[in-house]
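Structure first, commentary second.
The values are calculated or read from the model by the stated rules, or taken from the named source; none is laboratory data. Here the structure is a predicted model, which is why all the values come from computation and not from measurement. All Cβ positions, glycine included, derive from the backbone under ideal geometry; neighbour counts span all protein chains shown. Note: areas computed on protein heavy atoms with side chains; ligands, DNA, RNA excluded. Shrake-Rupley method; radii C 1.70, N 1.55, O 1.52, S 1.80 Å.
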Amino acid sequence: MNNIEQIIKEAVEKIKNADIKALENLKVDYLGKNGVLTQILKSLSQYSVEDKKKIGAQANKAKSIIESEIENRKIFLKQVLLDEKMQKEKLDYSQSFYFPFPKGHFHPVAQTIQDIIVVFKSLGFSVVEGPEIETDWYNFGALNIPENHPARDTQDTFYLDGMKNLLRTHTSPGQIHTMEQHQPPVKVIVPGRVYRNEASDASHSATFHQVEGLAVDENITFVDLKAVLTDFARKFFVSELDIRFRPSHFQFTEPSAEVDMRCMLCGGKGCRVCKNLGWIEILGCGMVHTNVLKAVKYDADRYTGYAFGIGVERIAMLKYGIDDIRLFYENDLRFLKQF
Ligand code: PHE
């Protein structure tokens, strides 16, 4: 017993002053295959049952104490290194101007929107924009989401002026503006910023971007939707991309689907990125609901259409292997310069 106490004391003392390399050695010395504590645990068979229990428990406790002391010291040393690095990388305001002045470039979100636009323009779509402040009618009502409908719960909304106006939660109101201003055929995409009242984490942000798509004409069918989105996905990602249409629900489309692409990281076997599904969702879509056509006074017996909504950050993250959406908004040049 005293021996084990002594071992802990000695180890803690050594860990206190160890650098990263010494820590690794201490880990081997105490916890490794032939480490002091492992030896003790291995030799338990020679003791009585009573002693075995006592010594075993003591040795295991010692192991976890030493383990956590080593981890804590490691975390401390890493922080010291980081502090030193930050100190070194501090801005030097005394640096003089230099010519030619360095050129900037588009932000990765703007670049991704441009990439999306290029593909859809090649498929015959025009680009329009809508306001970021909307009324309840444009954001919800006209899109077949009546007041008090549970579908509103899926888009936590920032209301303005006592609920009269709101920050658009999606680019779908762009569909309504377009159809109010133009008779069919219409074929547009609506890129823009949207807002949801969400806490931010690695995959959520209160502000993000979408590109809406809408096509309405006589004789438009789900086949057109599938063809256009398959073409988009293959042009935006890679030409052999495997995608699938999975049945889903949106109030403003019927039938609705979500489009998944086969996970490029694991080839569909299942991994951390695709949450073991082998597929990753890239957008929502469907055939424009007749109630939406009626809301804009289109002849719902004559016209059909499809709509889709693409999350810009989401597909940029998939394309470039970015694992935290917040990186887009921090304006850290070390991140931005990579694009
Ligand atoms: N507006 C939907 C969203 O933000 C996406 C969508 C757009 C779905 C168009 C279908 C058709 O979640």
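In table form, for the structure just shown:
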| read-out | value |
| --- | --- |
| Exposure rank, largest accessible area first [S43, S203; 1.4 Å] | S203, S43 |
| 5 angstrom amide H check on N197, placed H, neighbours 5+ away | D156, T157, F158 |
| Spacing of the two label points (7 Å from each Cα toward its C-beta) at E84 and V12, in nm | 2.8 |
| Projected label distance in nm at D115 and R326, using a 7 Å step from Cα toward the beta-carbon | 2.4 |
| Of all DSSP beta bridges in the chain, antiparallel share, percent nearest 5 | 95 |
| Simple Cβ-charge dipole of the chain, Lys/Arg +1 and Asp/Glu -1, about Cα centre, in debye nearest 20 | 1420 |
| The chain: relative contact order as a whole-number percent, Cα under 8 Å and 6+ apart | 14 |
| Within the accessible area of the chain (1.4 Å probe), percent carbon and sulfur | 53 |
| With DNA, RNA and ligands ignored, accessible area of Y138 (1.4 Å probe; Å², nearest 10) | 50 |
| Solvent exposure, largest accessible area first (probe 1.4 Å, DNA, RNA and ligands not counted), of T178, T221, T154 | T154, T221, T178 |
| For E218, solvent-accessible area (1.4 Å; no DNA, RNA or ligand), Å² | 80 |
| Cα centroid separation, the stretch 126-170 to the stretch 282-339 (Å) | 16 |
| Residues with amide H under 5 Å from that of S126, placed H, sequence gap 5 or more | K187, V188, I189 |
| Candidate residues H249, H289, H182: accessible-area rank, largest first, probe 1.4 Å | H249, H182, H289 |
| Cysteines (scope the chain) whose Cβ has no counterpart Cys Cβ under 4.7 Å | C285 |
| The chain: DSSP helices with Cα axial extent of at least 30 Å and average Kyte-Doolittle hydropathy no lower than -1.0 | 49-89 |
| Summed residue charge, Cβ within 11 Å of D201's Cβ, Lys/Arg positive, Asp/Glu negative | -1 |
| The stretch 2-88, Cα convex hull volume normalised per residue, Å³ | 71 |
| Stretch gain in nm, segment E50-A300, where the contour uses 0.36 nm per residue and the Cα spacing is subtracted | 81.5 nm |
| Among L166, L318, L41: highest mean-square fluctuation, GNM of the chain, C-alpha pairs under 10 Å | L41 |
| For the stretch 108-240: rounded, prolate or oblate by the Cα gyration tensor [a/c cutoff 1.5] | oblate |
| Probe 1.4 Å, protein heavy atoms only - accessible area per residue of the stretch 108-336 in square angstrom | 48 |
| For the chain, calculated [θ]222 nm from helices alone, where every DSSP H run of n ≥ 4 adds -39500 (n - 2.57) | -12500 deg cm²/dmol |
| Shape category assigned to the stretch 220-291 from the gyration tensor of Cα positions, a/c cut at 1.5 | oblate |
| Ratio of the Cα radius of gyration of the chain to 2.2 N^0.38 Å, where N counts its residues | 1.47 |
| Heavy atoms of D323 accessible to a 1.4 Å probe, total area in Å² rounded to 10 | 120 |
| Charge-dipole axis of the chain as Lys and Arg at +1 and Asp and Glu at -1 on Cβ define it, positive-most pick from A22, Y159, V190 | A22 |
| Cβ-based charge dipole, the stretch 108-336, positive-most Cα from G278, G267, G321 | G267 |
